[in-house]
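The values are calculated or read from the model by the stated rules, or taken from the named source; none is laboratory data. Note that this is a predicted model, so its numbers are computed, not measured. Quick reminder, even Gly has a Cβ in these numbers, built from the backbone with ideal geometry, and neighbours come from all protein chains shown. All accessible areas refer to the heavy atoms of the entire protein, side chains included, with ligands and DNA or RNA removed. Shrake-Rupley method; radii C 1.70, N 1.55, O 1.52, S 1.80 Å.
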Amino acid sequence: MRESLKRFQETIMSKGLEGVVIASPEDLSSTNLRYLSGFTGSSAYLVVTPDRAWLLTDFRYLEQAATECPDFEIVKQDKQVVLSIAEICRNYRIGVLGFEADKVPYQMWHDWNGQVPVVWRPLGKLVEELRLVKNSEEVEIMRKAARVAGESLLEVLPSMVGLTEMDVALSLEMAMRRRGAGSLGFPTIVGSGERGALPHAHPTPRRIQPGDMVTIDFGAEVNGYRSDETVTVAIGTVSDQMRQIFDIVAEAQALGIEAAKPGATSHDVDTAVRSFIDRAGYGEAFGHGTGHGVGLDVHENPFAFSDPRSAEVLVPGMTLTVEPGIYLPGIGGVRLEDTLVITETGNERLTMVSKEFRTIEG
Ligand code: ZN
Ligand code: ZN
């Protein structure tokens, strides 16, 4: 039986819920639904009780759902889905039903509340908490996604001088897809020259030229899981100032990676990175968090932010990026990012591209 479903059913029971509904219609994709069921189609709903599980989907996905979700009873959605949910609740005497209060749109909630005869309970982050610790199978898929992305980057880097940022992003995407990525992990960021000062630079027609530092933030999606990695490379000779901020970011990143171990908190990782950049005089130029978990979503728990309330005690199986950056408007920027998985003794780097200073000759 699917491990995530089994653990979720135990959790439901311990929280006193008689059932839970998870909605992932066409316009509201839910990685929680995929996590619990394995379903990869674009529209479905789950109803889960401590000992049963239904997946409601339409004609297009009936066969696929039966194959992907052997632990679920597949219900054909041939009427309003709210009526099917109400029927299950009546037939199986579900009186208290949990739902994802932070995800269900108001209109859907309104319909459910009017037509399903149950007491509704917000679910909180129960599914996200289960997703926080990855099992070895999930880690293996994430290793593969990182390898697909990293090998693709190494293929594209040597020939990027003279290309536009958009061409670099496109070449990288094609290389990742050829190596087996199902899609991009997220839209690729390419920021060259002074555009490197934009932390989330959308690729433009600007051409990569000698003297630039180029920041590329990229990832692949494999079996639903994502990779997340950032490199900043020099094209020919770059200014002393850019070289200096590269070294500061690299040192800060190494300190963050060292701090990411079981028992430490995600906030400790942020502090290790941020205090070093502060002391180097660039605190104001590092305006974002240090890192985040990665999995089915590219940004998920835990978060390594400067706010101590973000602190999550790290345990083996959690993933965390360490991605400090220094951004100087009108000049350029440097960001370096690796994705780690916490192990019993420290961490393992899933991403594979070296973060040493790298020069590409034009
Ligand atoms: Zn990234
Ligand atoms: Zn990231």
(1) of a type in the set (Phe, Trp, Tyr); (2) within 23 Å of Ser4 (Cα to Cα); (3) at pLDDT below 95 all hold for Trp109 apart from (2)
Output for Cβ contacts, cut-off 9 Å, separation at least six or different chains, first residue closer than 9 Å to Gly256 by Cβ in the stretch 303-324, second among the basic types (Lys, Arg) and more than 16 Å from ligand 1 (Cβ to nearest atom), reads Pro324/Arg274
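So, Pro105, is that one over 30 Å from Thr215 (Cα atoms) and out of contact with any Gly (no Cβ under 9 Å at 6 or more places or on another chain) or not? Steps first, please.
Details: over 30 Å from Thr215 (Cα atoms): yes; out of contact with any Gly (no Cβ under 9 Å at 6 or more places or on another chain): yes.
Criteria met by Pro105.
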Picking from Glu137, Glu68, Glu63, the residue that is surrounded by fewer than 20 Cβ atoms within 10 Å (Cβ to Cβ), over 28 Å from Ser227 (Cα atoms), within 30 Å of the chain's Cα centre (by Cα) and modelled with pLDDT of 95 or more would be Glu63
Of the residues in the stretch 273-295, those that are outside any helix (DSSP H, G or I), within 16 Å of ligand 1 (Cβ to nearest atom) and buried (at least 19 other Cβ atoms within 10 Å of the Cβ) number 8
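Looking at Val127, Val116, can you tell me which residue is open to solvent by less than 20 Å² (accessible area, probe 1.4 Å), in contact (Cβ under 8 Å) with a residue 12 or more places away in the chain, more than 29 Å from Asp228 (Cα to Cα) and of a type in the set (A, V, I, L, M)? Outline the logic, then answer.
Working: Val127 fails: more than 29 Å from Asp228 (Cα to Cα).
Of the residues listed, the single one that is open to solvent by less than 20 Å² (accessible area, probe 1.4 Å), in contact (Cβ under 8 Å) with a residue 12 or more places away in the chain, more than 29 Å from Asp228 (Cα to Cα) and of a type in the set (A, V, I, L, M) is Val116.
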Kindly indicate whether any position in the stretch 307-314 is in the same structural domain as Val238 (by TED's automatic domain parsing), modelled with pLDDT of 95 or more and within 15 Å of ligand 2 (Cβ to nearest atom).
-> no
